[in-house]
Amino acid sequence: MKTREHLLVNARTMADSETFTKDLPGSAKIMELRIRISATNGATSNTLAKLNGKVTKIEVVDGSDVLHSLSGQEEQANNFYRHGSLPFQQLNSKAAGVCIEEFIVSFGRFRGDREYYLDTTKWKNAQLALTHAFTVSATAGIATGTGALTVIAKLIEDGALPYKGFIQSVEKKSWTTIASGVETTILPRDFPYQSILVGDLETLIEPDVDLTNLKLIIDSGRWIPFDLSTAIILAANMERYGHAKQRMNYLNDTAVTWLSDCYGRTSAWAGAAGITGVGIVQTVIAEQVVLLMVTAGTSSCFINVRGHAPHSFLCLPFGNGVEVDDYLQVQGTSLIELEATQGAAGGAGAVVVNQLRV
């Protein structure tokens, strides 16, 4: 198979807040879109040290037809569960340091899929739409006007197998969890399901707290594919997908508190470039890492994190993700409900579906 990396957007200067749209090539077989965002930290620091929470929507649309629609955090969580790792991140909290984050819009069942991809000849005017709102701050955000966007489309030039469809990834619901009760989401019955992701992001809270059980009900109980506690789902995800990993170049200080993107069973350690940068991790609670360092530390130092449930999302896969016959089939069903049992208030509940659109 012959492929090509097409530079669709090249280091475009981003407004601090905007929705940017770009037409996709009109006659292309697109395997994925790699979105790369960079920005320069404020003059003193960027205590957030990342950009993903400021990207509110990544969409591929054809008029009113939504082919892909996730937030930046949902995209990265989906990347982890679909690809086996988080996309590239350069995380930095230092004065005038540069933060870089990537987001992969994947149309295949797996990276390099020759049968399932986005064939733009089948759409009238497919477009990428990106919405963001950066925090501009000298201490807790970026310097104004420093955002830059690059988008690379991976295209099949020759050797593609006959087109069979693509994976459509869409957020179907978002809500704020409450202390008890069941939140029910009615899921679409149009295309087979490769997987379902359910999130409940809340700072300092692990993903099996705000939601305690997930149950998928077909046709009012005729078939129940799963009825599992989130603790069991998290354990299964840990076994199947392994660790998510991050590394952050932190601001030299006597105490550093950083919110990573790993919410499940997270561990962390400090790595120093020299003896004057000696530091030690004091506590890790969910995604929060607290690090202490020597008062006179000047060396460039790093927090290394590994954990699970990126952005507090859990994954419910159907089959191995490759064999389409093992996907959750929806033909002949009259109702599909996802019941999420709530255990605590304040979580950002979300349901994301990956469907095989043909």
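Would you please give the FRET efficiency between VAL294 and LYS245, computed as 1/(1 + (r/R0)^6) with r the Cβ-Cβ distance and R0 = 35 Å, to the nearest 0.05?
Values: r = 26 Å, r/R0 = 0.74.
So, using R0 = 35 Å, E works out to roughly 0.85.
If you line up the long axis of helix 230-241 against the longest principal axis of the chain, both from Cα atoms, how many degrees apart are they, to the nearest 10?
Approximately 90 degrees, to the nearest ten.
What FRET efficiency comes out for the pair THR203/VAL358, r = Cβ-Cβ distance, R0 = 56 Å, nearest 0.05? Before the final figure, lay out each step's value.
Numbers: r = 40 Å, r/R0 = 0.71.
My answer for the efficiency is 0.90.
Multiply the residue gap between ASP227 and LYS164 by 0.36 nm, knock off their C-alpha separation, and tell me the result in nm, one decimal place. Could you put the intermediate results ahead of the total?
Values: separation 63, 0.36 × 63 = 22.68 nm, distance 3.17 nm.
Net length gain for the segment: 19.5 nm.
Once you have the alpha carbon radius of gyration of the chain, what is it after dividing by 2.2 N^0.38 Å, with N set to its residue count?
Numbers: Rg = 20.9 Å, N = 358, 2.2 N^0.38 = 20.6 Å.
Taking N as the residue count of the chain, the ratio is 1.02.
Once you place label points 7 Å from the Cα toward the Cβ at ASN304 and VAL182, how far apart are they in nm?
Result: 4.5 nm between the two label points.
How big is the shadow of the Cα convex hull of the range 1-68, averaged over all directions, in nm²?
Values: hull surface 26.3 nm².
Result: a mean projected hull area of 6.6 nm².
Which percent of Cα pairs goes in each bin when the distances of the range 29-174 are cut into 10 angstrom slices starting at zero?
Bins of 10 Å from zero give 12, 38, 31, 15, 5, 0 percent of pairs.
Sort largest first and round to whole Å: the equivalent ellipsoid semi-axes of the range 298-354, each the square root of five times a Cα gyration tensor eigenvalue.
Details: eigenvalues 245, 78, 12 Å².
Listed largest to smallest, the semi-axes of the range 298-354 are 35, 20, 8 Å.
What is the sum of charges, Lys and Arg at +1 and Asp and Glu at -1, for the other residues whose Cβ falls under 14 Å from the Cβ of THR19?
Taking every Cβ under 14 Å from that of THR19, the sum is +1.
With angles folded into 0 to 90 degrees, how steeply does helix 72-83 sit against the dominant principal axis of the chain? Use alpha carbons for both and round to 10.
Once rounded, one gets 70 degrees.
Modelling each spin label as a point 7 Å along the Cα-to-Cβ direction, I'd like the THR283/GLU115 distance in nm, to one decimal.
Result: 5.1 nm between the two label points.
Using only the alpha-carbon atoms, what does the range 87-140 span along each of its principal axes? Please give whole angstrom values in decreasing order.
Extents along the principal axes, in whole Å: 47, 25, 12.
Would you calculate a helix-derived [θ] at 222 nm for the chain, using -39,500 (n - 2.57) for each DSSP H run of n ≥ 4 and dividing by the full residue count, to the nearest 500? Don't skip to the end; give the middle numbers.
Numbers: 2 runs with 24 residues, N = 358.
That comes out to -2000 deg cm²/dmol.
Express in % the proportion of alpha carbon pairs of the range 165-358 at distances exceeding 30 Å. Walk me through the numbers on the way to the answer.
Numbers: 5946 of 18721 pairs.
Here the long-distance tail beyond 30 Å is 32 percent of all Cα pairs in the range 165-358.
Stretch THR19-ALA236 to full length: gain in nm at 0.36 nm per residue minus the Cα-Cα span? Don't jump to the answer; show the numbers that get you there.
On the way: separation 217, 0.36 × 217 = 78.12 nm, distance 3.75 nm.
Value of the extension gain: 74.4 nm.
As an exercise, use a Förster radius of 25 Å and the Cβ-Cβ distance of ALA133 and ALA95 to find the FRET efficiency, rounded to the nearest 0.05. Don't skip to the answer; put the middle values down first.
Numbers: r = 23 Å, r/R0 = 0.90.
So, using R0 = 25 Å, E works out to roughly 0.65.
Give me the lysines in straight-line cross-link reach of LYS215: C-alpha distance below 17 Å, same-chain residues under 8 apart excluded.
Partners within reach: LYS172, LYS173.
How would MET293, MET238 line up from fewest to most surrounding beta-carbon atoms within 10 angstrom?
On the way: MET293 21, MET238 15.
Least crowded to most crowded, the residues run MET238, MET293.
So how do THR266, THR121 line up by other beta-carbon neighbours within 10 Å, fewest first?
Values: THR266 23, THR121 11.
The order, fewest Cβ neighbours first, is THR121, THR266.
Counting pairs of alpha carbon atoms under 8 Å apart in space and at least six apart in sequence, what relative contact order in percent does the range 165-358 give? Before the final figure, lay out the partial values.
On the way: 515 pairs, mean separation 87.7, N = 194.
After rounding, I find 45 percent.
Throughout, read-outs are computed from the coordinates displayed, never taken from laboratory work. Keep in mind the model is a prediction, meaning the values are calculated, not measured. Please note: Cβ atoms are built from the backbone with ideal geometry, for glycine as well, and neighbour counts cover all protein chains shown.
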